[in-house]
Amino acid sequence: MKVIARAFRAPSRSRVRRLRTSFLAVGLATAMSIGLAGSAAAQTAGPPSGDNVQPTFVDGNPTCAALLPPDSFLFEYKQEEPVEDATNIPLSFTNADTGQTLMGTLDIDVSNSSQGQVFSFDFDGDFVAIGVFAKGGSGGNLYDYRPTGNADDSLLHAPVNTRNNRFFDLSHISFCIGQVQPGALRIVKNSSKGGLVQTPGAEFSVTGSGYSEKVTDSTTTPNGQVPDEDPETGEICISGLTPGQYTVAETKAPQGYAGDQDTKTATVVSGTNCTDNQPTGQSNGQVTFSDPPLTDLTVHVKGQLNDETKSRITCDGESSGELADPADLSVPGLEPGTYTCTIFIDP
């Protein structure tokens, strides 16, 4: 298997370099005209990928810099013919300005379907595919994953040969590789009676992907905690998180509510944020907690004549104590439910 990689830079970006000698740094490729409709009448793009990304047929053999804006990705990784399975392909990229080094691996799995060769890819670490070009025949299929990229997809293929309705054999695959974009985690705090809780102050612990912090539903940030980026009571948002699975637990309930004891999990998705692309579900970085509102119970018993009668109150195991006049019992913080109180009056 022959491997070729190319790194590109836009005029506005500083020169970058690769740590691995197998990746070649080159200048920005001259833009070239791409016939999206394709000049080969016998080829069409064919069906979408496993993630439902519809490819676009591109004639010829363009580089990533010709297929996509150079500032939308970091470098190109190319697997030449024969295209075949490859596991844990090492990838690295160093920014000369910041000194930051990104590291990751790439897996490629090639298989045969009833229509011909298909392949899947899986990135692990700091990288995602911004675009993938699958070459076969006189052109290739461009899978465009902009703007956030995609860490894995399946059922990618070269264009369809319309003469036999089969995919052309893969002659090479080019991965236009970008950096994983951070995501956001959204915590929704509901009342069990419906709607958001009415009081702020709910506290949560958030762990996952090397992250371990606390956050409070508040417009101010307690010492040692990360800020809640959503100002509305009952809604908490944290941005800038590494995509992956996170565990959230309620460590303190808001005033007037009992806490939700269940631990929740959610998957933070690359590209989500706390402004115009907030998480919307468990698989997209949102967890929902439900807290029951609390009620205070007070029972007061007083005889009409002094010292003629004395009373005792018991409510679900709580007692006012010895017989007395008056007798008082207060039970704070009762969750919604049915409670039974018994009043004993000494005859």
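The values are calculated or read from the model by the stated rules, or taken from the named source; none is laboratory data. On a predicted model such as this, the values are computed, not experimentally measured, just so you know. All Cβ positions, glycine included, derive from the backbone under ideal geometry; neighbour counts span all protein chains shown. The accessibility values were calculated without ligands, DNA or RNA, using every heavy atom of the protein model including side chains. Shrake-Rupley method; radii C 1.70, N 1.55, O 1.52, S 1.80 Å.
Here's how it looks for D291: its modeled amide H is under 5 Å from those of N190, S191, S192, which are all 5 or more places away or on a different chain.
For the set D109, D97, D276, D230, solvent exposure ranked by accessible area (probe 1.4 Å, protein chains only) runs largest to smallest as D276, D97, D109, D230. Carbon-plus-sulfur accessible fraction, the chain (probe radius 1.4 Å, protein heavy atoms only): 46%.
For the range 83-174, the equivalent ellipsoid built from the Cα gyration tensor has semi-axes of 29, 13, 10 Å, listed from largest to smallest.
Computed over the chain, relative contact order equals 12 percent, with contacts defined as Cα pairs under 8 Å that lie 6+ residues apart.
Accessible surface of K252, taken over heavy atoms with a 1.4 Å probe and every protein chain present, rounds to 120 Å². When every Cα-Cα distance of the range 123-199 is counted in 10 angstrom steps from zero, the calculated P(r) takes the values 17, 31, 19, 14, 10, 8, 1 percent.
Accessible surface ranking for E213, E318, 1.4 angstrom probe, highest first: E318, E213.
Other residues with beta-carbon under 11 Å from the beta-carbon of V128 carry, at +1 per Lys or Arg and -1 per Asp or Glu, a net charge of -4.
Computed over the chain, the convex hull of the alpha-carbon atoms projects to a mean area of 25.6 nm². When the charge dipole of the chain is built from unit charges on Cβ atoms (+1 for Lys and Arg, -1 for Asp and Glu) and taken about the Cα centre, the candidate among N190, L334, A134 whose Cα reaches farthest toward its positive end is A134. Only lysines eight or more places from K78 in sequence, or on another chain, were considered; those with a Cα closer than 24 Å are K2, K135. The GNM of the chain, with springs linking C-alpha atoms under 10 angstrom apart, assigns the highest mean-square fluctuation among D316, D307, D325 to D307. Each of T101, T275 has its accessible area taken with a 1.4 Å probe; listed largest first, they run T275, T101. Note that the range 149-160 has calculated 3J(HN,Hα) couplings of x, 9, 7, 7, 7, 9, 6, 7, 7, 6, x, 8 Hz, one per residue in order, obtained from phi through the Karplus relation 6.51 cos²θ - 1.76 cosθ + 1.60 (θ = phi - 60°); glycine and proline are x.
What you get for the chain, charging only the Cβ of Lys and Arg (+1) and of Asp and Glu (-1), is a dipole of about 2060 debye around the Cα centre. With Cα atoms defining each centre, the range 253-316 and the range 137-190 are spaced 45 Å apart in the structure.
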